[in-house]
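Here's the structure we're looking at; comments come further down.
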Amino acid sequence: MVYRVGLLGLGTVGTGVVQMLQQPQHPLLQAVEIAAVGVRSLDKPRQVRIPPERLTTNLEQIVSDPEIDAVIELMGGLEPARSLILKAIDHGKPVITANKAVIARHGEEIFQAAAQAGVAVLLEAAVGGGIPIVQALQHSLRASRIQAVWGIVNGTTNFILSQMAQQGSSFAEALAQAQARGYAEADPSADVEGWDAADKIAILAGLAFGVAVPREAIPCEGIRNISSTDIRYAREWGYTFKLLAIAQRAAAQGSETVLDVRVHPTLLPVTHPLANVHGVDNAVWVQGDPLGQVVLAGPGAGQGPTASAVVGDLLTLRAHLQTGAYLPNPLWGFFGRAAALLPLAELESEFYVRVLAQDQPGVMGAIGTCFGRHRVSLESITQKECHQEQAEIVILTHTVREADCRQALAEIQQLPQVAAIPSLFRVLR
Ligand SMILES: NC(=O)c1ccc[n+]([C@@H]2O[C@H](COP(=O)([O-])OP(=O)(O)OC[C@H]3O[C@@H](n4cnc5c(N)ncnc54)[C@H](OP(=O)(O)O)[C@@H]3O)[C@@H](O)[C@H]2O)c1
């Protein structure tokens, strides 16, 4: 029997999906027909042939058409994507989406509606592009008690950091290279400020821990402040910089699970599995009991990998229809229970700090005293290069409370010998 799908969007990913469906690799995809494609402009040249009568700007019509069996949303953005997804669900249609922004912010509403309507919403392409992390977290890995999910989930920033580490480029040079290769947009804020990674970790945390993680509550720092000097010093100590999206169990407060969820540049030991993920690739490291550690890595974006994840979801839908099996939503436990998040001030971490101070006797002692007053114990404090009587002092702390470290730094900033504290980064092992 023919299975009729409606596509919302025919851009980078939509075009890749049409190409894959025009040359189906699996018997179950052979009966799939692209019944309608919704776009913004009918006049735009397209890289794939769609019969003109199937191309439309009336997307409302697609999601409510009784002849359409499933909707694939590949338009991006919050609205009208959210309303169209909800309307498709309301009309009893399963939905496949690659839209991390809408799921991270409206996942609860969408999955609640899907639960009521008894339809599936699949989103493999929304996190990690071609890496099958969503289905893995939903099924195979969930038998274990997941303790931590750390991800390099933004290819643009991983490319920039790789260029800085491998070519010695500055942040501005590496960003310009990313833009020239089409990895970064003209306004790169969503990538370099960590917002895109925060959308993705909100979804992964929801999957891994079965709770709703409010996107706006996730602390998020980008990579603009990383200098080539920091990258060089970190390397001397055996560390590399990665923009990590982190979700892990922090502590149990009574029956409530407190999660530590955050996005920020992180110094990782060069021996960590995520330290060797370079360029635009993504990777997700999952640790659980009795699972142990698992790493999934591969292309985190791009037309082919993302389309492959979308069509994989379509195959899942078809396979379940074929067997008549009930298809649970990936985030079935996503709504209803909001996670308590650990405040950043309460975080316990090691820190890397770079201080610019006058090259005078006693400076290191004064800095050390400030740290000591705030219970911040130091693993090492080293004077590095000296320029025009200004010394660069680099400090690695032991595991300390973030609030204590920041209070000590506020005091250090007031020392007459201290000119600036250009760098403060968290270290993970
Ligand atoms: N590109 C990637 O590598 C990648 C990777 C993972 C996930 N994703 C996600 O996949 C989704 C699609 O990304 P993309 O890169 O394919 O986007 P894109 O190239 O910008 O394409 C968007 C498509 O949606 C249509 N569209 C957008 N707003 C519309 C509206 N209001 N009404 C009607 N049509 C509208 C556009 O129509 P016109 O063609 O007429 O302008 C276009 O065909 C996004 O959620 C994105 O985050 C993308």
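Annotations
- Residues that are within 30 Å of the chain's Cα centre (by Cα) and more than 8 Å from the ligand (Cβ to nearest atom) within segment 35-45 comprise just one, Val37.
- Filtered by the rule that a residue be in a strand (DSSP E or B), charged (D, E, K, R) and buried (at least 16 other Cβ atoms within 10 Å of the Cβ), segment 217-259 gives Lys242, Arg249.
- If the condition is being of a type in the set (A, V, I, L, M) and either farther than 13 Å from Ala205 by Cβ or in contact with an Asp or Glu (Cβ under 9 Å, 6 or more places away or on another chain) (or both), then segment 149-166 contributes Ile152, Val153, Ile160, Leu161, Met164, Ala165.
- Flag if Arg82 is under 22 Å from Glu124 (Cβ atoms), free of Cβ contacts under 8 Å to residues at least 40 places away in the same chain, within 14 Å of the ligand (Cβ to nearest atom) and part of a helix (DSSP H, G or I): yes
- Residue list for segment 99-145, filter: surrounded by fewer than 21 Cβ atoms within 10 Å (Cβ to Cβ), assigned to a helix (DSSP H, G or I) and charged (D, E, K, R): Arg105, Glu108, Glu109, Arg142
- Residues within segment 302-328 that are at pLDDT below 90 and polar (S, T, N, Q), tallied: 2
- Scanning segment 1-34 for residues that are part of a loop (DSSP other than H, G, I, E, B) and away from the ligand (no atom under 14 Å from the Cβ) turns up Met1, Val2, Gln23, Pro24, Gln25, His26, Gln30, Ala31.
- Each residue in segment 46-79 was checked for being more than 28 Å from the chain's Cα centre (by Cα) and touching a residue at least 60 places away in the same chain (Cβ under 8 Å), and 3 pass.
- Inside segment 298-324, residues that are more than 16 Å from the ligand (Cβ to nearest atom) and either of a type outside the set (Lys, Arg) or outside the structural domain of Val71 (by TED's automatic domain parsing) (or both) make up a count of 9.
- Selection of first residues in segment 289-312 that are touching a residue at least 60 places away in the same chain (Cβ under 8 Å) and assigned to a strand (DSSP E or B) and of second residues that are more than 9 Å from the ligand (Cβ to nearest atom) and among the acidic types (Asp, Glu), restricted to Cβ pairs under 8 Å at least 6 apart or on distinct chains, gives the following pairs, ordered by first then second residue: Ala297/Asp281; Gly298/Asp281; Pro299/Asp281.
The values are calculated or read from the model by the stated rules, or taken from the named source; none is laboratory data. Small disclaimer: the values here were computed from a predicted structure and weren't measured. Every residue, glycine as well, gets a Cβ built from its backbone with ideal geometry; the counts of neighbours run over all protein chains shown.
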